[in-house]
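Q: Please read through the structure below; I'll follow up with questions.
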């Protein structure tokens, strides 16, 4: 068995040599912590070749073309412009993406 070296949670184990039988194997006991974890049941997506995808691309192009890129003279202006581009993509994603739920039939074949 492989344990995570240096992990406080997974480096606590016990070997029980008194419980081995005729073989040279001894039982190994380890406590594995199980924590509650949020697993999302839905996601946002833009279906390929859909009207949503077409609108997303048009919206991004329109907003990119409205940006003033003539003032990119230094690294700070460049970072500001790149952040504006990212914000445009994020906003257009939220506007055009559809919420879909995960299910056993989620994968497209």
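Q: Find the Rg to Rh ratio for the range 39-85, where Rh is the Kirkwood radius over alpha-carbon pairs and Rg uses the same atoms.
A: 1.18
Q: Let me ask something additional. What order do you get for 18, 59 when you list them from fewest to most C-beta neighbours inside 10 Å?
A: The fewest-first ordering by Cβ neighbours comes to 18, 59.
Q: Measure of size requested: the Rg and Dmax of the chain, with Cα atoms as the atom set and Å as the unit; please supply both.
A: Rg, Dmax (Cα atoms, Å): 26.8, 81.
Q: Summing -39500 (n - 2.57) over the DSSP H runs of n ≥ 4 in the chain and dividing by its residue number, what mean residue ellipticity at 222 nm do you reach, to the nearest 500 deg cm²/dmol?
A: Result for the chain: -11500 deg cm²/dmol, rounded to the nearest 500.
Q: I would also like to ask the following. Need the full-extension length gain, residue 73 to residue 91, defined as separation in residues times 0.36 nm minus the C-alpha distance. One decimal, nm.
A: Going from the current span to full extension adds 3.9 nm.
Q: Between residue 29 and residue 63, what length in nm is gained on full extension when 0.36 nm per residue of separation is reduced by their alpha carbon distance?
A: Extra length available between residue 29 and residue 63 comes to 6.3 nm.
Any read-out appearing in this document is the output of simple, stated calculations on the displayed coordinates, not a laboratory observation. Because the structure is predicted, anything quoted here is derived from the model rather than measured. For neighbour counting, all protein chains shown are included, and Cβ atoms are generated from backbone atoms with ideal geometry for every residue, glycine included.
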